[in-house]
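The values are calculated or read from the model by the stated rules, or taken from the named source; none is laboratory data. Predicted model only: the values in this text are computed from it and were never measured. Cβ coordinates were reconstructed from backbone atoms using ideal geometry, including for glycine residues, and neighbour counts include every protein chain displayed. These accessible areas exclude ligands, DNA and RNA; they are computed on the full protein's heavy atoms, side chains included. Shrake-Rupley method; radii C 1.70, N 1.55, O 1.52, S 1.80 Å.
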Amino acid sequence: MPESAVFLFEDETFLRQFPPLRAAWAPRGEQARVPITGQNAKRVLFGALNPLTGHRVVLQRPSLRQEDFQAFLRLLRAHYPGRPLFLLLDKAGCHTAARTLQLTARLDIHLLWLPKQWSELNAMDHLWRGLKQHVASNRQYPTVDAQAQDAEDWVLDLSPRQALRKAGVLSRRFWLRSFL
């Protein structure tokens, strides 16, 4: 990898207007009441994490389609102009689509594939876990857009060190520790 190159973990997460319920209280013997809207709108957050600096890039999109991922690739290129980018990511359909691969070649973005079913190797996936715990569970926002904005703000408001710690990069057992 060239010295000027940037290495990033990339992943997406879904946010739903009806959030996961991880805790609820009710008097003993009574069913907990959980209000729901009858809607379950969703948003997708695309995110990338630089494991050397803790810099994060996040983009909200309505879906996980190749066009949405391609918009994120263009955003990454804008954040890191003139430098080769190496993205470590899974083989989701939007990542492997022919037009996506053509775009990555034009943008000088190199995709490094994670093994299937090994999301725990992706530091961005660990950062999403913290997000879901603090923002996306046990509360319902008035709109899914409000939730997505709160989630994006949570990720970007972390200090670089906090982001790296929550992503597991600072752990002595981080699998790429010797590489970084």
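Computed quantities for the displayed model
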| quantity | calculated |
| --- | --- |
| Packing-based order for 95-104, 61-70, 126-135, using average beta carbon neighbours within 10 Å, highest first | 126-135, 61-70, 95-104 |
| Average accessible area per residue (Å²) across the range 37-126 - probe 1.4 Å, nucleic acids and ligands excluded | 48 |
| Per residue convex hull volume, Cα atoms of the range 56-180, in Å³ | 127 |
| The range 60-180 - percent of accessible surface contributed by carbon and sulfur, probe 1.4 Å | 50 |
